[in-house]
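Nothing in this text is a laboratory measurement; each read-out follows from the coordinates by a stated rule. Values in this document were obtained by computation on a predicted structure and should not be read as measured data. Reconstructed Cβ throughout: ideal geometry from the backbone, glycine too, with neighbour counts over all protein chains shown.
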Amino acid sequence: FNLLLSAVLMVLGLVSAEWMIGFMGGSGITAETLALSTEYLRIQFWGFVPLCLNFTITAALRGVGDTRYPAMVALVCTVVVRMSICWVMVDLLELGLYGAWVAIISDMVLRAVLMLRRYRSGKWKARVRKRNREEAAAQNC
């Protein structure tokens, strides 16, 4: 359901981005500002599905006690992946703000893929079984 809802919201955001920027900017927004803001908002909406997927799976993993893996993925993706891609896109390729947004979206996609992979691996189930054994032992005392 999360994927479906986030995909629908992404499409709505892509379609209505110009209206959203115009609504927030009011009558004082220039045509250039509207065009640039709309472009960047649309770029951000492309990352909406992976962002929602990442949030959902990360919350589920943390809920069952698998906290270390999501924390390490967040740290590595933010510090290594996002910053490296941002440096390449902004400094080397001179893509400016557009390059920075591409780096952010790339980070979101990678996080979603890694979290989905972790979930599907089932490694988190060991934590659930361990917690269930501990709770059963505590009740028997």
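Here are the numbers for this structure:
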item: P(r) tail fraction, the chain - alpha-carbon pairs more than 21 Å apart, %; result: 57 percent
item: Kirkwood Rh and Cα Rg combined as Rg/Rh, segment 23-73; result: 1.30
item: Restricting segment 57-141 to GluC sites (Glu not before Pro) in coil, as DSSP defines it, with at most 16 other Cβ within 10 Å; result: E94
item: Label-point gap, in nm, between R131 and L3 - each point 7 angstrom along Cα→Cβ; result: 2.5 nm
item: Candidates M115, M20, M83, ranked by Gaussian network fluctuation over the chain, Cα under 10 Å, top entry; result: M20
item: Per-bin percent of Cα-Cα distances, segment 102-141 [10 Å]; result: 27, 27, 22, 16, 8, 1
item: Most fluctuating residue given options A17, A31, A71, as computed from a GNM of the chain linking Cα atoms under 10 Å; result: A31
item: Axial C-alpha extent at least 20 Å, average Kyte-Doolittle at least 1.0 - helices from the chain (DSSP); result: 2-25, 48-63
item: Chymotrypsin sites (Phe, Trp or Tyr not before Pro) restricted to DSSP loop in segment 1-36 with at most 11 other C-beta within 10 Å; result: F1
item: Potential extension, R68-V80 segment - 0.36 nm per residue separation minus Cα distance; result: 2.6 nm
